[in-house]
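Take a look at the structure set out below.
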Amino acid sequence: MQTITVDLKERAYPIHIAPEGWEALPHAIGESIGDRKAMVVCDQNTYRLYYESVKAALESRGCSVCPAVIPPGEASKSFEQAQALYTRALEAKLTRSSTIVALGGGVVGDLAGFIAATYMRGIGFTQIPTSLLAQVDSSVGGKVAINHPLAKNIIGAFYQPHMVFINPHTLKTLPPREFSTGMAELIKHAFIADSDFITWLEQNIEKLLSCDVGALAHALYRSCSIKARVVEQDERESGLRMILNFGHTIGHAIESATGYSKYTHGEAVAIGMVYEATLALHMGLIGQEYIKRLSSLLERAGLPTVLEAADWDLIFQRMAYDKKNVGSGITFALPTGYGKLEVFKGVAIDDIRQALIGMQHT
Ligand SMILES: NC(=O)c1ccc[n+]([C@@H]2O[C@H](COP(=O)([O-])OP(=O)(O)OC[C@H]3O[C@@H](n4cnc5c(N)ncnc54)[C@H](O)[C@@H]3O)[C@@H](O)[C@H]2O)c1
Ligand SMILES: [Zn+2]
């Protein structure tokens, strides 16, 4: 088992990456489990696949455990599911020193984390992410949220877990499209912060796609370390953390303009990264080779790199609505070299239009 510490002073916590699998979980749980009551939030898929293993590990540490199962899918990040979980927590008599365990993908992690942050003004929280996206991205950094019918992730908090435990074997049951979606964020981490990791991915991506546990553990370690280092320096997203947004300004606009149904988040971010890199090329920040290497890795990971039938006007409109845009023009985190990103404020819509629409015809 390898451990990364997210150093947020009094809220510091470990991320354990365990190629040994569930047998390492009791040790990771240690003695840190409060009053020894745990509610494990899962969706129907992760309940069926992994609840028994996690329950056994918690019980081996003297915990009493109850499950709370939600339907899979984004629709569960709702007020209704939140209320059902508060009820379940009250029925299970969870106290302020009890623990909520999130066992699942980003939907489970975001929802369960939101409950942990608000039930009794905050109780213990452990993340056991099971999708690649959750392992490299949503479980690290403490952003938790539910959706409002008018906007995604708009009701939330920054609430750090006490521990993250990653079992890479869980990725063997993940549907391939979900695996690819997580690969987009993993590849993003390499391009924003670690040019050696880009080369490593170029040499080892097939091993990751075939779920070679050694290769997965290595990639998870490097990817989580990158996100952890960024979060340490900017926990509440006031500056540096914006570099994690590479591909997301255009990616979010694509998701929203296509009704959150055509592309998964990672697919939209993959296209967004290529387009934002194209904008960086247009602004003279990087060369053509950057885009070739980025697109080639994304394509090898099974991700799209070009938008089909673009409705650009709608996409530009949605970009202007993005909650991260302040003042006039659009804020982008753009590459300035391999493993390097800078934030550019007030990029004019006309420049973006020229760069992107020009690209569609080349
Ligand atoms: N908090 C953050 O910083 C952050 C960052 C990125 C994304 N997110 C959020 O994460 C969510 C998306 O997360 P996701 O992509 O993990 O989606 P998800 O949680 O819906 O999981 C995707 C699907 O995979 C299934 N699944 C998960 N693990 C599995 C496994 N090991 N084997 C088989 N099936 C498995 C789930 O049941 C689900 O059907 C979005 O709501 C997004 O807003 C949050
Ligand atoms: Zn993302």
With respect to Ile192, is the statement that it is within 16 Å of ligand 2 (Cβ to nearest atom) and either more than 24 Å from Leu49 (Cβ to Cβ) or open to solvent by 50 Å² or more (accessible area, probe 1.4 Å) (or both) true?
yes
Being crowded, with 23+ Cβ neighbours inside 10 Å, assigned by TED's automatic domain parsing to the domain that holds Gln160, within 16 Å of ligand 2 (Cβ to nearest atom) and hydrophobic (A, V, I, L, M, F, W, C) is the requirement here; does Val107 meet it?
yes
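A quick yes/no check of all residues on (1) buried (at least 20 other Cβ atoms within 10 Å of the Cβ); (2) among the small types (Gly, Ala, Ser):
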position: Leu58; (1), (2): yes, no
position: Ala75; (1), (2): no, yes
position: Leu85; (1), (2): yes, no
position: Arg88; (1), (2): no, no
position: Glu91; (1), (2): no, no
Any residue at all in region 112-119 that's open to solvent by less than 10 Å² (accessible area, probe 1.4 Å), part of a helix (DSSP H, G or I), more than 22 Å from Thr3 (Cα to Cα) and within 16 Å of ligand 2 (Cβ to nearest atom)?
no
Considering region 116-141 alone, what residues qualify as being near ligand 1 (Cβ under 8 Å from one of its atoms), among the small types (Gly, Ala, Ser) and more than 12 Å from Ala102 (Cβ to Cβ)?
Gly141
Total residues in region 190-232, condition closer than 21 Å to Leu174 by Cβ and of a type in the set (Phe, Trp, Tyr)
1
Identify the single condition in (1) in contact with a Phe, Trp or Tyr (Cβ under 7 Å, 6 or more places away or on another chain); (2) within 19 Å of Ser139 (Cα to Cα) that Ile254 does not satisfy, given that it satisfies every other one.
(2)
Can you give me the ranges of the helices (runs of 4 or more DSSP H) entirely in region 1-107 with at least 3 residues that are more than 30 Å from Ile154 (Cβ to Cβ), under 25 Å from the mean Cα position of the chain (by Cα) and within 16 Å of ligand 1 (Cβ to nearest atom)?
44-60
Helices (runs of 4 or more DSSP H) wholly in region 214-302 with at least 3 residues that are outside the structural domain of Gly21 (by TED's automatic domain parsing) and surrounded by fewer than 20 Cβ atoms within 10 Å (Cβ to Cβ) - which ones?
288-300
Failed condition for Met163, given (1) in the same structural domain as Trp312 (by TED's automatic domain parsing); (2) modelled with pLDDT of 95 or more, with all others met?
(1)
Strands (runs of 3 or more DSSP E) enclosed by region 124-183 - at least 2 residues per element that are surrounded by 21 or more Cβ atoms within 10 Å (Cβ to Cβ):
124-129, 143-148, 163-166
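The values are calculated or read from the model by the stated rules, or taken from the named source; none is laboratory data. Model, not experiment: these values are computed from the prediction. Cβ sites come from the backbone with ideal geometry, for glycine too, and all protein chains shown count toward neighbours. Quick note on the areas: whole protein, heavy atoms, side chains included, nothing else; ligands and nucleic acids left out. Shrake-Rupley method; radii C 1.70, N 1.55, O 1.52, S 1.80 Å.
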